[in-house]
Amino acid sequence: MSIKLLDLFKRGLVQIVPENVLHSLLNSNEPLLIKFGADPSAPDLHFGHCVVLKKLRMLQDMGHRVQFVIGDFTARIGDPTGKSETRKALTEEDVRANAASYQEQVFKILDPGKTDLVYNSSWLGVLTASEMIGLSARYTVARMLERDDFSKRFKSNQSISVHEFLYPLLQGYDSVVLKSDIEMGGTDQTFNLLMGRHLQREYGCDKEQAIITVPILEGLDGVQKMSKSLNNHIGIMDSPKEMFGKTMSLPDDKIIRYFSLLTDMSDFELEDMRTKMSSTGVNPRDFKIELAKCLICMFYETSDAEEAEEEFKRVFAKGLVPEDIPEVVVTEESVFLLGLLIEQKLVVSKKEGQRLMQAGAVSVDGEKQLNFRYMLAVEGEQVVKVGKRKFLKVVKAI
């Protein structure tokens, strides 16, 4: 086993329970079963997921197997982690479509030959009422209310639905069924991961899984966790040009963190970069360009990264319009601009569109449109720009 690989794996880990688990990684003669679960609550994975997925791939390269659990059953409940209110349940159709998308994307990082891809509906969906009650009896309400998000909601008289208590129990029961040796996840999943250890003990399993947690990657706003719902994400299915443009909007103080959590750059190289960034006369933009190319090369070719860099410089440095922007043909004489932005997915919601327009981030042919009630008179070809990276060509039907 490569000591360099193990050192790279250990970098950035937040918690290991019990702490001697790394000795098992070093000395185990048999492949360990490493569990990681993801609820298909959205169709795409993003670079926030890549933090743990890259660690899992390192473990595979050490000879271990990954149990990738697609939580198609638990997704219908919704993980209450970090939520201040009960989540809306997803439809079975949404879960099925998102799960299929996850299956396609996860092998962009993981080794298919060392991955057991499983759906937890195959065992959770057949639990009888008696078995579900028996599972619920393995944990107390008092202990459940020690969980931070539940505790805050309880103390502030916000509702907690009974089914939300089932979520960590069901996630933990996955570990009982799979006989997992280790479970990995973000720091926000610590309670759920420890539940797996507790239930393995409760059900008399031969072992209790160790848990390893990794940091939560902040999104492009530099503050909140990367999330598609917050529109602060870089998707692993984004085009190279999208990845490049989004990375260039990252706050300067997050550049080193992204390099550390998402790339194989050595500690020496990271420290050298940190020193250079603190020096006068060094533009952080240069390091951001390097980061953008590194992220693109995780999923595309070097030539794609170089082309994305050239396009970024051509469009944004010179203030030009990209050559291959999406186009919509309109038959009406005029259209409600905000409605068009939502329909064409240039904004995720009416609220976001209003905010961007009032902030002067939406323009038509270079002219800012501050009024979110603005009706666009459709004439020939017009270019709508949202923020720094999103463009749409509006064409009047002949």
Dipole magnitude of the chain about its Cα centre (Cβ charges: Lys, Arg +1; Asp, Glu -1), debye to nearest 20: 1040
Amide N proximity, the range 326-349 versus residue 373 label position 7 Å along Cα-to-Cβ, cut-off under 17 Å: 335-340
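Under the classification rounded if a/c is under 1.5, otherwise prolate if a/b is larger than b/c and oblate if not, where does the range 3-214 fall, given a ≥ b ≥ c as square roots of the Cα gyration tensor eigenvalues?
Numbers: a/c = 1.58, a/b = 1.36, b/c = 1.16.
Note, shape of the range 3-214 comes out prolate.
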Relative packing of 364-374, 159-169, which averages over residues the other C-beta atoms within 10 Å, highest first: 159-169, 364-374
Formal net charge of residues neighbouring residue 360 (Cβ-Cβ distance under 14 Å; K, R +1; D, E -1): +3
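Once the other residues with Cβ under 15 Å from the Cβ of residue 204 are scored (Lys, Arg +1; Asp, Glu -1), what is the net sum? Please list the in-between numbers first.
On the way: positive: 138, 179, 197, 201, 207; negative: 202, 206, 208.
Once positives and negatives cancel, what remains is +2.
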19 Å Cα-Cα reach of residue 207 towards aspartates and glutamates, excluding residues that sit fewer than 8 places from it in its own chain: 19, 30, 174, 181, 183
Ranking of 155, 54 by count of other Cβ atoms within 10 Å, fewest first: 155, 54
Partners for residue 276 among aspartates and glutamates (Cα-Cα distance below 12 Å; same-chain residues under 8 apart left out): 286
Residue-span extension gain [residue 154 to residue 355] - 0.36 nm each, minus C-alpha spacing: 69.1 nm
On Cα atoms only, tilt of 284-297 relative to the major axis of the chain in degrees: 60
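So what's the net charge close to residue 285: Lys and Arg +1, Asp and Glu -1, counting the other residues with Cβ under 12 Å from its Cβ? Don't jump to the answer; show the numbers that get you there.
On the way: positive: 288, 313; negative: 252, 286, 290, 309.
Counting the neighbours of residue 285, the net charge comes to -2.
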DSSP-assigned coil residues among trypsin sites (Lys or Arg not before Pro) in the range 232-319, each with at most 16 further Cβ atoms within 10 Å: 318
Folded to 0 to 90 degrees: helix 92-106 orientation relative to the chain principal axis, Cα: 90
Greater than 18 Å apart at Cα, pairs in 368/390; 4/54; 55/246; 4/55; 35/114: 55/246
Principal-axis tilt of helix 162-178 within the chain, Cα atoms, nearest 10 degrees: 70
Percentage relative contact order, the range 196-270, counting C-alpha pairs under 8 Å, at least six apart: 20
Convex hull projection area averaged over all views, the chain, Cα basis, nm²: 23.5
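Every number in this text was worked out from the coordinates using simple rules, so none of it is lab data. Note that the structure is predicted; figures quoted are calculated from it, not measured. Here Cβ is always computed from backbone atoms with ideal geometry, including for glycine, and neighbour counts include all displayed protein chains.
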